[in-house]
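The values are calculated or read from the model by the stated rules, or taken from the named source; none is laboratory data. Since the model is a prediction, treat every value here as computed from it, not as a measurement. We place every Cβ from the backbone using ideal geometry, glycine too, and count neighbours over all the protein chains shown. When the accessible area is computed, the model is the full protein with side chains, heavy atoms only, and any ligands, DNA or RNA have been set aside. Shrake-Rupley method; radii C 1.70, N 1.55, O 1.52, S 1.80 Å.
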Amino acid sequence: KCPDKLIDEGPWNKAELCFWLCRYIVETRRSDGSKYPPATLYQLLSGLHRYMEANDHYAPNIMDRHIPEFKELHSTIDSLFRQLKAEGVGAEVKHATVITKDEENLLWEKGVLGTATPLSLLRAVFYCNGKKNCLRGGKEHRNLKISQLSRHSKPDRFIYTENGSKNHSGGFMELHVENKVVPIVANPDLGDACHVLLLDLYLSKLPAKAREADIFYLRPLTQLPSDPRSHGMQFLLVEKTSWDLW
């Protein structure tokens, strides 16, 4: 039987750790009895390593392939992962649902995306930023700053400069990795769907406080002011953007 405090505290017996972790990685299953994919098994081991290190700074790194006592563990992992791959476990990759061109056109036709109202403009800018600037997920949108978009002419365009992303967090190993720079060139043939036109219109409606705070996404006003002809497209500065846009 595996000792109750095998990974809780030292002194650490590397040989005993290797013995029980080999059995754990081979025998662990989901609640329905199905096998975990290789990526999940790796995450489970990484979680165990973090737990051990949090309890004891001197805990051995079970993920280190260069520690001789853990050679059997990593040989077991390699063999198991090959077996799981051959069985097709974890072969299905989940992808985000792609919006087709016809679906996008329908969003414009129905006014879901557009420039007629603050919400439709916000949606259009949000959609185009994700599509053209390759922003992935709410966090990257939420962290977007006005200062990351610089306006240029000849040709008429914006330049988007990435500060950080899911795949480029700016760690020590990424010191020499260049930030992504995306030119957004105006295309008058697209009409209201032109990304540059949308950004110009959107940025012109933001209050001065938004530029001072360098916040890009704001929640639109829920009620129009008394004179909608001059203020109907103004935005209200808030700390966080509501992501229930659709």
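Counting only C-alpha contacts under 8 Å and six or more residues apart, can you give the relative contact order of segment 27-107 as a whole percent?
Reported relative contact order: 30 percent.
On the accessible surface of segment 1-146, probed at 1.4 Å, how many percent belong to carbon and sulfur atoms?
C and S fraction of accessible area: 53 percent.
Under the 0.36 nm per residue contour assumption, what length would be gained going from the current alpha-carbon distance of Asn179 and Val98 to full extension?
26.6 nm
Run the simple label-point estimate for Ala86 and Phe19 please: 7 Å along Cα→C-beta, distance reported in nm.
In this crude label model, Ala86 to Phe19 measures out at 2.8 nm.
If R0 is 30 Å, what FRET efficiency do you get for Arg30 and Ile67 from their C-beta distance, rounded to 0.05?
0.55
Need one number: nm distance between label points at Asp8 and Thr117, each 7 Å from Cα along Cα→Cβ, rounded to one decimal.
Simple spin-label model gives 5.8 nm for this pair.
Would you be so kind as to identify which of Tyr127, Gln83, Val98 lies farthest towards the positive end of the dipole of segment 82-133, taking Lys and Arg as +1 and Asp and Glu as -1 on Cβ and the Cα centre as origin?
So the residue we want is Gln83.
Using the scaling law 2.2 N^0.38 Å as the reference, what is the normalised Cα Rg of segment 1-153?
Scaled against compact globular proteins, the figure is 1.64.
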